[in-house]
Structures are given as structure tokens and as C-alpha cells.
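See below for the structure under consideration.
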Amino acid sequence: AGDDLVPCCARVEAALVVARANGSLAYEDGAGAFNGDGPAGAADYLTEWGTTGVLDAISRAVAGARPVHAYPVADLGSLRGALSPGPLATCLAFRRGATVEDVFIALKRRGGGGDFVRADALSADGSKRRQAKPKDPLGADTAVLKVSSNRKAAWQQQSGPA
């Protein structure tokens, strides 16, 4: 159960899926056997290993990739959502290892502007409030974030004289 090693053979899995699509065999993803004319070596591989392992490897990878969540707010007092009205109305999901800066970038992609100035964080249970750095990882102590930027005017974004 704690073993992260999953023997797999994507070549055999792909050949079985193609043969199934061509109608030359009956095969269910992740199964340890098939009915019909299989690709060379497929039956031997399944006999030795039980399955191609591809479905198990993907399933384990997805199960182990639990996201972290951040609730960007416009105001830490009322917890009004940064993108939607209402308390904690905006929730963003990120991969593990994401940072406060990733929240800023996500907000910028959704219509925010300017450069990162600061972020204030509130812990998930509301007990701890602090200033967060851009490289701080997302987690229980950075669950709720008020991210501030300096919104630049259009003329400030120009690179120089035309």
C-alpha cells in the first residue's frame, strides 16, 4: 500500500487499446486479460505482471496529487471574495507547492493588474493573521489571502517613446 513503485508498460497498453478500437479484441482498461487477437507480447506481459499497470500508475498519481486551496479576498475583515461578492466566495485550487505569488498570477489572469505589492494572510481557522511573502507556500496558514498590487495605467505600461 505504501509502495510508490508501479511496474507498467505503456507500449502494451497502447497496443491493446488500438487493437480494441480496431475491433480485433475485447479489452477493459486495467484488466489482466483480453479476448481475441492481441498484439505480440501482450499476453506474456499480462501473465507475468497481471496488468499493464498503466491505469494503476495514473490512478495513484491522481490520488496523490491532492490540491491546495486559497481563498483570495478583497477584505480580510468581511472576507468578501476577490472575484465574487460574498464571504469566501472565490476559491482557487492549486498544485502542491504553489505559492502566494501563484495566487497573484491567477488573479492577474482573471482581470487583475499591476505588480505584486503585498499579501496579507489569514489561517484556515482564523486564528493567525500575518503578512505573506510571494514565495510562501500555500497551506493552512495562508488559506485566506488579500493580495495587493499597484495597478498601472496604460501609459505606464509602455516600454518607451514611440
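The values are calculated or read from the model by the stated rules, or taken from the named source; none is laboratory data. Small disclaimer: the values here were computed from a predicted structure and weren't measured. Glycine also receives a Cβ, built like all others from the backbone with ideal geometry; neighbour counts cover every protein chain displayed. All accessible areas refer to the heavy atoms of the entire protein, side chains included, with ligands and DNA or RNA removed. Shrake-Rupley method; radii C 1.70, N 1.55, O 1.52, S 1.80 Å.
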ARG109 fails exactly one of (1) more than 30 Å from ARG11 (Cα to Cα); (2) open to solvent by 60 Å² or more (accessible area, probe 1.4 Å); (3) in contact (Cβ under 8 Å) with a residue 40 or more places away in the chain, namely (3)
State yes or no: is ALA19 touching a residue at least 60 places away in the same chain (Cβ under 8 Å), surrounded by 12 or more Cβ atoms within 10 Å (Cβ to Cβ), of a type outside the set (D, E, K, R) and out of contact with any Lys or Arg (no Cβ under 7 Å at 6 or more places or on another chain)? no
Checked the stretch 22-42 for anything under 30 Å from GLY64 (Cα atoms), at pLDDT 90 or above and open to solvent by less than 50 Å² (accessible area, probe 1.4 Å); matches are TYR27, ALA31, GLY32, PHE34, ALA42
